[in-house]
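J.: The structure follows.
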Amino acid sequence: MKYSRTPNRRLSDPQHLAWWAQPTLLVLLIANPAAAQTSYPMLMSLKPVAAQVGQTSEHTLKSRYTMFGAYAVVITGEGVTGEVVQPEVKEGEKPNLQEIKIRFTVASDALPGVRDFRIGTPNGVSTLGQLVIAEDAVIQEDGNNDTRDRANAITLPATVCGAIEKAEDVDYFKFTVEAGQALSFHVRSQRLQDRIHDLQQHVDPILSIRDGNGTSLAASDNYFFADPFLHYEFKHAGEYFLEIRDVRYEGNQYWEYAIEAHGRPFITNVHPMAVGRGQQTKFELVGHQLPKMHEAFVSIPLDEPTGSQWWELPLGDTVTNPAPVVVSDLPVFAELAAENNTPATAQHVSLPIGITGRIEAESDIDCYSFAALKGEHFSFEVVARRQQSALDSHLRVLDTAGKQLTLNDDMRIGKRSFADSLVENWTAPADGTFVIEIRDLHLRGGADFVYFIRATHSLPSFELFIDTDKTQLTPGTGGAIFVRAERKNGFTGDIQLGIEGLPSEVEASCGRILGDQGRDGCIVLNAAADAKMMLANVQITGKATHAMDNDQPLEIAAIASPYQEIYQPGGGRGHWPAEMHTISIGETSDIVAITLSEYDIRLKPGESKQIDVKLERAADFDKNVTLEVTYNHLNSVYGDSLPKGVTLDKSKSKTLLTGKTAEGNITLTAAKDAPAVERQQICVMANVSLNFVMKATYASKPLFVSVDAVASAAEKK
C-alpha cells in the first residue's frame, strides 16, 4: 500500500511551510451594516475538538467578538470541508453571536492529524482554530463526570473529547477490557492551544489509569511536549477508569482535549527518519504494539516535495498512524552499525550530505568526520524534536583531537526557539579533517531518539517571515503585509517581494526589502470599491540575485512563513507559526477611506516633509484612530519598511485622531547622513485598537519615499 502525505506540516523547515498551500477562493454576499469599533472573531474553542474520518458531524465554535453572518470555513489540507450552520435570527436583528455551529465533513481517505481552520465573516476573517481528525468514533464528555461514580461509560476504541473547564475539574471515563489487552491513550490538548490568540494560560494535562478500586496503575504528564501519552497492558479483565485533569488543578472553559484510545499499533517515529528522493527505503517503525516484523518499504518519487512531512506507512494489510518523515534534497548517509562515539571512530562523510541516525542508548554520542579547506563555510542543522523525536540535540564541531571549535544547543527560526540545534556559517580554520558530534543534551537515548543533520556549504540566502497570518480588507480600503528577512551567510542585497493567489478584486503593490538598509518590506493591498465579500489564501515570496566571487549570479528565492499573533500574559505580543495567510474582504467598516495629500515624495538629507492624511469615518464611528508608518506594539517594531535614516517625526505630526476627527498628518525626516534610495514603498496606516495586542489596520495606497544622495564637498560649493 502506498503511503499518504499529511495535510498539516507544522513546524517544518521554514523554507517549506507553504508547500501545502493551494490558493482557495470563497465568495458570498451578505448585507450587514457596519458597527462602531468592529472586530473580526477571535476563535477560542471547538466542541467536540475532534471529527471522525468518513463522517459528517456538528461542532460548537466559540469566539470573542461576534461571528454573526459567518459564511465560509477554510481548512488546511485535503479531505475535510466545513460549512456554517446558519442560526435562526429574526429579520432586522443583529445578535452578538459568540457561539455558532460548524458542520465538518471528513472524507474516508482524509489523513488523521490536526488541521488549522478559520471562518469568514462580514467583519473579516477569524483567527485560527484547530480540529483533530481521528480514526475512531468521537465521544463527547457528558454531564458532571468529576468523580468515579459519575464517570462516563465509553466503549473503546474511541476518541474521547471534553474540557477541563473549571478549577479542580477532574474528568473520569470508565471502560472494560479483556485480560492481556493493550491500549494506547494519546492526548491532544496543550498542543491545540498554541494558536488560540486570546488564551493567555494553557492547560498542562495529566492522564491516569485507575482500577475499579481507584488505585493508580499508570500515569503520564509530559510526553509530546506537555501532552500525555500512555501505553498500558491490562493483566486482568474488568472495569477501569481513565482520569484526566490539569496537573495544577486549574481549569478554563476553553481547555478542550481529545484522547485517542485504541489497541492498534501506535507509531512515534521511523528510523531512518530521512530519505532522499528517488530512493527505495526500508523504515524501521518505532512505537508501541508493533508486530514482530515492524518494517515498511517505501519508494520515494523523484518529484516528491522535500522537507518535513507526515506519512501513513504500510504495515501488513493496513497503514500506520501518520509518522514524521523528512524528504531530503541532499544525498542521504545513514549511520552505520559500527561504533562512532569518538572523533577517532567517526564515520566519514562528504559534504554536502544529509545524515540520518539515532542516539540509541544512554550516553551514546555519534560522530561524523568530513574534510574541509581553510576558509570554507559550512552550516549544520538538526531536525529532531520538531519532528516528534525524543532527542534534545546538542551539536558540536570538533577537530580530530576532540577540541571543540563551535557548538549549539537550541536554535531559533524566525520568532521562535526550538530544541533542535543549528550551527550556521562556520568557517574551517585550516585545511584538514573535522568532526560533527551529536548527542542528547541530558545524555539520554533510545529507539525514538532519531535525528537528521543537514550538513551543507553555507551559501548566501535569506528566510522570510510575515508578521501576521491574515490581512483584513473592506471595499475601497487597503491593507499592509509586512515581511521580515533573516539574511544568512553574507547575503546583503535587495529582496523583491511577490504575492500569488490574490482574488481579481484586489490589487497588490509589492515593495522590496532594501539591501544593507533594512530587514522589512511591505506589500500594500487595495480592494476595489465594489468588491464582494470573499476569502483567498495567498503565498508570499521573495527573490534576489547575489554576485558570487566567481562573478556568477546566484538566484535566491524563498517562500514567506506566516505567523499568528498571540496575546501573552501582561500584554505581550507573541507569534506562532501558521500554515496559511488569508486575505479577507469584509463589509464596509469603521474606516471607509484613507487619502494622502501626495503619494511620491523626495527628501534631501536633513529635510522634512509633511503629508496630510484624511480619513472617511463610518457615520457611527467615533473611536480613537492612530496614524503610523511602521507597525508597532508597546516598544517593539514589527514592521518598518522606511528607508534607512528616514523617520516619523511625531513632534511635528498629528497622529492621534479622537472623536469624529478625520484629518491628521505625518512628517517624515531624512537624517543628514541618510543614504540615497529611489522610491522605497511604505504606506500610512490608520489603526483602531481591538484589545491590548490586536488592532484593526487600514492602509493608504502605497507611498513612495526617495532620498537624494548626500552632496559632495564640491557640490556644496
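None of the figures in this text is laboratory data; all of them are computed from the coordinates on show. Keep in mind that this is a model prediction, so the values were computed, not measured. We place every Cβ from the backbone using ideal geometry, glycine too, and count neighbours over all the protein chains shown.
J.: Percent antiparallel among DSSP beta bridges with both residues in the chain, to the nearest 5? The partial results should precede the final answer.
T.: Values: 201 of 227 bridges.
Among the beta bridges of the chain, antiparallel pairing accounts for roughly 90 percent.
J.: Turning to a different aspect of this structure: Starting from the Cα-Cα distance between residue 295 and residue 494, subtract it from 0.36 nm times their residue separation and give me the gain in nm to one decimal. List each step's numbers first, then the result.
T.: Values: separation 199, 0.36 × 199 = 71.64 nm, distance 4.84 nm.
66.8 nm is the gain from fully extending residue 295 to residue 494.
J.: So, one more: In debye, nearest 20, what is the charge dipole magnitude of the chain about its Cα centre with +1 on Lys and Arg Cβ and -1 on Asp and Glu Cβ, if you could check? Show your work: numbers first, answer last.
T.: Numbers: 66 positive and 92 negative charges, 334 e Å.
Roughly 1600 debye for the chain.
J.: Going Cα to Cα from residue 101, which aspartates and glutamates come in below 12 Å? Please leave out same-chain ones fewer than 8 positions away.
T.: 58, 83, 88
J.: Next up: Residues of the stretch 162-184 with backbone nitrogen within less than 13 Å of a virtual label 7 Å along the Cα-to-Cβ line of residue 218, please, listed as ranges.
T.: Taking a point 7 Å out along Cα→Cβ of residue 218, the residues of the stretch 162-184 whose backbone N falls under 13 Å are 180-184.
J.: Take peptides 297-306, 428-437, 383-392 and line them up by average Cβ neighbours within 10 Å, highest first, as a rough protection proxy.
T.: Working: 297-306: 12.9, 428-437: 16.7, 383-392: 23.4.
Listed from highest to lowest mean packing, they are 383-392, 428-437, 297-306.
J.: Based on other C-beta atoms within 10 Å, arrange 223, 71 from fewest to most.
T.: Values: 223 15, 71 19.
Fewest to most other Cβ atoms nearby, the residues stand as 223, 71.
J.: So if I take the centroid of the Cα atoms in the stretch 580-601 and the same for the stretch 356-381, what is the distance between those two points in Å?
T.: 51
J.: Please list, or write none, the lysines whose alpha carbon is within less than 22 Å of the alpha carbon of residue 488, excluding same-chain residues fewer than 8 places away.
T.: Within the straight-line limit of under 22 Å, residue 488 reaches these lysines: 374, 415, 543, 644.
J.: Still on this structure: Can you sort 255, 576 so the residue with the fewest Cβ neighbours within 10 Å comes first?
T.: Values: 255 26, 576 19.
Result, fewest neighbours first: 576, 255.
J.: Candidates (i) 0.94; (ii) 1.04; (iii) 1.19; which is the computed Cα Rg over 2.2 N^0.38 Å?
T.: Working out Cα Rg over 2.2 N^0.38 Å from the coordinates points to (ii).
J.: Follow-up question, since we're still on this one. Cut-off is 10 Å between beta-carbons; in what order do 150, 264 appear when sorted fewest neighbours first? Could the numbers behind the result be given before it?
T.: On the way: 150 12, 264 17.
Going from least to most buried by this count: 150, 264.
J.: Step through the residues of the stretch 429-442 one at a time and calculate ³J(HN,Hα) from phi using the Karplus curve (6.51 cos²θ - 1.76 cosθ + 1.60, θ = phi - 60°), rounding each to whole Hz and writing x for Gly and Pro.
T.: Computed from phi, the couplings for the stretch 429-442 are x, 6, 5, x, 10, 10, 10, 8, 10, 10, 8, 7, 4, 9 Hz.
J.: Considering the options 327, 657, 305, tell which one lies farthest towards the positive end of the dipole of the chain, charges being +1 on Lys and Arg and -1 on Asp and Glu at the Cβ, about the Cα centre.
T.: 657
J.: Which one of 340, 120, 633 has its Cα pushed farthest toward the positive end of the charge dipole of the chain, where Lys and Arg give +1 and Asp and Glu give -1 at the Cβ?
T.: Towards the positive end, the residue furthest out is 633.
J.: What's the extension gain from residue 634 to residue 425 if we count 0.36 nm per residue and subtract their Cα-Cα distance? Each step should come with its number before you reach the end.
T.: Values: separation 209, 0.36 × 209 = 75.24 nm, distance 3.38 nm.
Separation in residues times 0.36 nm, less the Cα-Cα distance, equals 71.9 nm.
J.: Still on this structure: Run the reach check for residue 470 against aspartates and glutamates, Cα to Cα strictly under 12 Å, same-chain hits fewer than 8 apart removed. What comes back?
T.: Residue 470 reaches 565, 579.
J.: Taking θ = phi - 60°, what integer Hz values does the Karplus form 6.51 cos²θ - 1.76 cosθ + 1.60 yield along the stretch 691-708, in sequence order, with x for Gly and Pro?
T.: For the stretch 691-708, the Karplus curve yields 9, 5, 10, 8, 9, 8, 10, 10, 10, 6, 5, x, 10, 9, 10, 10, 10, 6 Hz.
J.: Sticking with this one: In whole angstrom, note down how far apart the Cα centers of the stretch 648-665 and the stretch 171-239 are.
T.: Answer, in whole Å: 56.
J.: Let me ask you something else. For the chain, calculate the relative contact order in percent as a whole number, restricting contacts to Cα pairs under 8 Å that are 6 or more residues apart. Walk me through the numbers before you get to the answer.
T.: Numbers: 2106 pairs, mean separation 85.6, N = 717.
The value is 12 percent.
J.: Quick one: Karplus J couplings for the stretch 149-161, per residue in order, coefficients 6.51, -1.76, 1.60, θ = phi - 60°, nearest Hz, x for Gly and Pro?
T.: Those phi angles translate into 6, 10, 4, 6, 7, 10, 10, 9, x, 6, 10, 9, 10 Hz.
J.: Of the options 249, 265, 593, report the single residue whose Cα projects farthest towards the positive end of the charge dipole of the chain (beta-carbon charges: Lys, Arg +1; Asp, Glu -1).
T.: It is 593.
J.: Taking 0.36 nm per residue of sequence separation and subtracting the Cα-Cα distance, how much length would be gained by fully extending the chain between residue 401 and residue 568, in nm to one decimal? Present the calculation step by step, with values, prior to reporting the outcome.
T.: Working: separation 167, 0.36 × 167 = 60.12 nm, distance 4.70 nm.
Extra length available between residue 401 and residue 568 comes to 55.4 nm.
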